[in-house]
Amino acid sequence: MVAGVAGVVAGLALVAGIALLARSGDIEARLGDDVFVAGQVERLSAAVRRDGPIAFPDASPRRQRDLYVQHLGPRPEDGWLAFSAQAPGAERRCLLQWLPVEEEFVDPCSGRRYPPDGEGLTQYPTVVEDGQLSVDLRQARAS
């Protein structure tokens, strides 16, 4: 019993110490990756052309950043967009649906519609380097 209590106290002390260090700026607390590598632009652009924007579910512990990756450029290297797969303030179960005929997204919970570039949704910067598409999740911005 005493060993169990000591273990709990030691665990709490460790968590408190990490929190203090994170606040001091001496270490950086991170859960999940700050930059998401979506894949090769040739393959991704072909998939978007064939099936529409690609949804990527968030695999981080918080599961709050489901994304759509969209390609609206003339070449595989140009015209990439990444934005939230839910409307601002919507629950995770309200994943936006792509309507190919209308070429727009619809929120299944509210019925609100969004254009193919994700205007009105949280946007994330994209970078193409060496044929790979990356999404910077540190720089979310409302559009």
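The values are calculated or read from the model by the stated rules, or taken from the named source; none is laboratory data. Bear in mind that the values here come from a model prediction, so they are computed numbers and not experimental data. Positions of Cβ are backbone-derived with ideal geometry, glycine not excepted, and every protein chain shown enters the neighbour counts.
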- Heads up, the strands (runs of 3 or more DSSP E) in segment 53-114 (entirely inside) with at least 1 residues that are of a type in the set (A, V, I, L, M, F, W, C), in contact with a Gly (Cβ under 8 Å, 6 or more places away or on another chain) and assigned by TED's automatic domain parsing to the domain that holds Val127 are 80-84, 97-99, 104-106
- Members of segment 78-97 that are at pLDDT 95 or above and exposed (fewer than 14 other Cβ atoms within 10 Å of the Cβ): Asp78, Gln97
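Just give me the residues in segment 90-118 being charged (D, E, K, R) and farther than 18 Å from Phe56 by Cα, in sequence order. Please lay out each step first, then the result.
Taking segment 90-118 as the starting set, the residues that turn out to be charged (D, E, K, R) are 91-93, 102-104, 107, 112-113, 117.
If the condition is that a residue be charged (D, E, K, R) and farther than 18 Å from Phe56 by Cα, then Glu102, Glu103, Arg112, Arg113 are the ones that fit.
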- Which residues, counting only those in segment 118-139, are of a type outside the set (Ser, Thr, Tyr), touching a residue at least 24 places away in the same chain (Cβ under 8 Å) and either on the phi < 0 side of the Ramachandran plot or in contact with a helix residue (DSSP H, G or I) (Cβ under 8 Å, 6 or more places away or on another chain) (or both)? Glu119, Leu121, Gln123, Pro125, Val128, Gly131, Gln132, Leu133, Val135, Asp136, Leu137, Arg138
- Task: Can you work out which of the residues in segment 98-141 that are polar (S, T, N, Q) and surrounded by 13 or more Cβ atoms within 10 Å (Cβ to Cβ) is farthest from Glu77 (Cα to Cα)?
- Result: Thr122
